[in-house]
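Only one structure is covered here, and it is reproduced in the block below.
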Amino acid sequence: MRKKTCLRLGLIGLGGIGQLTLRDCLQLDYFEPVAGADPSAEMRCRAAEVLPEQALFADYQEMLRAVPMDAVFIATPNVFHAPAAIAAMQAGCHVLCEKPMAESLAAAKRIYRAAQETGRLFMVAQNQRFRRDATWLKGQIEGGLLGNIYALHTRWLRRRPLTEGKWFRERRLSGGGPLIDLGVHVMDLALWLAGFPAPERVSANAGRYVLDSGDVEDWACAFVRLAGGTTLTCEVMEKGFVPGEVVQVEIRGTKGGVMIDGGEGTTVFLTLDGAPAELRPHLDPDHRGARHRELVNFAEAVLLGKAPLVPLEESLRLQAVLEGVYRSARQGREIVVSDFEP
């Protein structure tokens, strides 16, 4: 039998990210987009520029029954990640899913169990890991550049919201506000660069202070104790009084430190021959290319058996951090992650 070299791909959710991914896949030899599903007739109409009308469905369940596929990409509101992923895996498809893994830890656990039971690959699209600067830093950190890492600090703060009037503001659809939308990016990047130590305890606060629509938090701040004594902090804000958009990941180690700044680039802080020194690698994050590399990694994991850069266990661990932050904020106390971690 000839070895398969291309994935027949269906898309569940044809909004902005779904449309972008559809067109990205057309540029990659590993994918053959064959179908798409979205309840919005407008989104299906847009996808019809690429896919035949008979390959477009309002119901993803109907698509899974009607069209032979090897994999699906999911880009729906968060609450639909779990049911869509589980249905796809039970239909024999591998799954690449937009972040977050799910709207809750309970839903994420259901995805995890389905992946184990079906033997299908489920990978979360944490595209920050595929940036060129992040890939370079990962290798340097694993080589000992920073020594022992003891602190991770992350921030994503917005002056103006980018999600006015969308489902991101409805907890029943999203599971939360900027923590689950933005914090999931910077926390994942920091934890991955640091080797993803397990979360142990979480203290957090969150609330609505500025936004006048929806029912999710517009600000959250968390302190997470990790295995081995490392700590992680995260502050996120959807709309507030800051100078523009602030996106930062800071890593501190016993031999050096790193600041990844969305506006200023990456800086490594070291001591060379007894003198403080700064290294600024000339590496374009290449965000569009990162999406392509993410898709290729997923395809090669399925087709060639290569290791996915976003293991399911790490995504589940990150979902436990999100769960701990929201629980701590609601209950006003420190949360022990082992009380509910899978």
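The values are calculated or read from the model by the stated rules, or taken from the named source; none is laboratory data. These numbers were taken from a predicted model, which means no experiment stands behind them. Neighbour counts are summed over all protein chains in view; Cβ atoms, including those assigned to glycine, are modelled from backbone coordinates with ideal geometry. We work out accessible area using only protein heavy atoms, side chains counted, and drop any ligands, DNA or RNA first. Shrake-Rupley method; radii C 1.70, N 1.55, O 1.52, S 1.80 Å.
Using the beta-carbon distance between residue 113 and residue 333 and R0 = 30 Å, what value does 1/(1 + (r/R0)^6) give for FRET efficiency, to the nearest 0.05? Display every interim value, and only then the final one.
Details: r = 30 Å, r/R0 = 0.98.
Given R0 = 30 Å and the Cβ-Cβ separation, E is 0.50.
Count the net charge of all other residues whose Cβ sits under 10 Å from the Cβ of residue 73, scoring Lys and Arg as +1 and Asp and Glu as -1.
So the environment of residue 73 carries a net charge of -2.
Which angle between 0 and 90 degrees, to the nearest 10, do you get for helix 184-193 versus the longest principal axis of the chain when only C-alpha atoms count?
On a 0 to 90 degree scale, this one is about 60.
Cβ under 10 Å from residue 58's Cβ, residue 58 left aside: what net charge do those residues give with Lys, Arg +1 and Asp, Glu -1?
-2
Count the net charge of all other residues whose Cβ sits under 12 Å from the Cβ of residue 24, scoring Lys and Arg as +1 and Asp and Glu as -1.
+3
Which value in deg cm²/dmol, rounded to the nearest 500, describes the helix-derived mean residue ellipticity at 222 nm for the chain, given -39,500 (n - 2.57) per DSSP H run of n ≥ 4 and division by the residue count?
On the way: 10 runs with 111 residues, N = 342.
Rounded to the nearest 500, the figure is -10000 deg cm²/dmol.
For a quick check of understanding: with a 1.4 angstrom probe and all protein chains in place, what accessible area in square angstrom does residue 145 have, to the nearest ten?
50 Å²
Would you work out the charge dipole size for the chain about its Cα centre, treating the Cβ of every Lys and Arg as +1 and the Cβ of every Asp and Glu as -1, and quote it to the nearest 20 debye?
400 debye
Which one, 290, 266, 240, is farthest towards the positive end of the dipole of the chain when Lys and Arg carry +1 and Asp and Glu -1 on their Cβ?
So the residue furthest toward the plus end is 290.
Quick one: Cα centre-to-centre distance for the stretch 29-53 and the stretch 163-219, in angstrom?
30 Å
Could you tell me which of 205, 90, 106 has its Cα farthest along the dipole of the chain towards the positive end, charges placed at Cβ (Lys, Arg +1; Asp, Glu -1), taken about the Cα centre?
The listed residue farthest towards the positive side: 90.
Mind putting a number on the dipole of the stretch 204-342 about its Cα centre? Charges go on the C-beta only, +1 for Lys and Arg and -1 for Asp and Glu, and I need it in Debye to the nearest 20.
260 debye
With a Förster radius of 41 Å, plug the Cβ-Cβ distance of residue 198 and residue 26 into 1/(1 + (r/R0)^6) and report the FRET value to the nearest 0.05.
0.55
Please give me, ordered by residue number, the GluC sites (Glu not before Pro) of the stretch 240-342 that lie in loop per DSSP and have at most 12 other Cβ atoms within 10 Å.
Working: sites: 245, 250, 264, 278, 294, 300, 313, 314, 323, 334; in loops: 245, 264, 334.
Sites meeting the loop and neighbour criteria: 264.
Using only Cα atoms and rounding to the nearest 10 degrees, what angle (0 to 90) does helix 81-90 make with the longest principal axis of the chain?
50 degrees
Subtracting the Cα-Cα distance from 0.36 nm times the residue separation, let me have the gained length for residue 170 to residue 40 in nm, one decimal.
45.0 nm
Could you please put 104, 328 in sequence from largest to smallest accessible area, using a 1.4 Å probe? Don't skip to the end; give the middle numbers.
Details: 104 30, 328 0 Å².
Descending accessible area places them as 104, 328.
Want the number for residue 106 to residue 61: 0.36 nm per residue separation, take away the alpha-carbon distance, what's left?
Full-extension gain reported as 14.0 nm.
Roughly how many nanometres apart are two label points built 7 Å out from the Cα toward the Cβ at residue 264 and residue 242?
Placing both labels 7 Å beyond Cα along the Cβ direction yields 1.4 nm.
Report the FRET efficiency, 1/(1 + (r/R0)^6), for residue 150 and residue 280, where r is their Cβ-Cβ distance and R0 is 22 Å, rounded to 0.05.
Details: r = 23 Å, r/R0 = 1.05.
About 0.40, to the nearest 0.05.
Normalised by the residues of the chain, what does the relative contact order come to in percent, with Cα pairs under 8 Å and at least six apart?
That works out to 18 percent.
May I ask you to list the GluC sites (Glu not before Pro) in the stretch 6-56 that are in a DSSP loop and have at most 12 other Cβ atoms within 10 Å of their Cβ?
Sparse-neighbourhood loop GluC sites (Glu not before Pro): 49.
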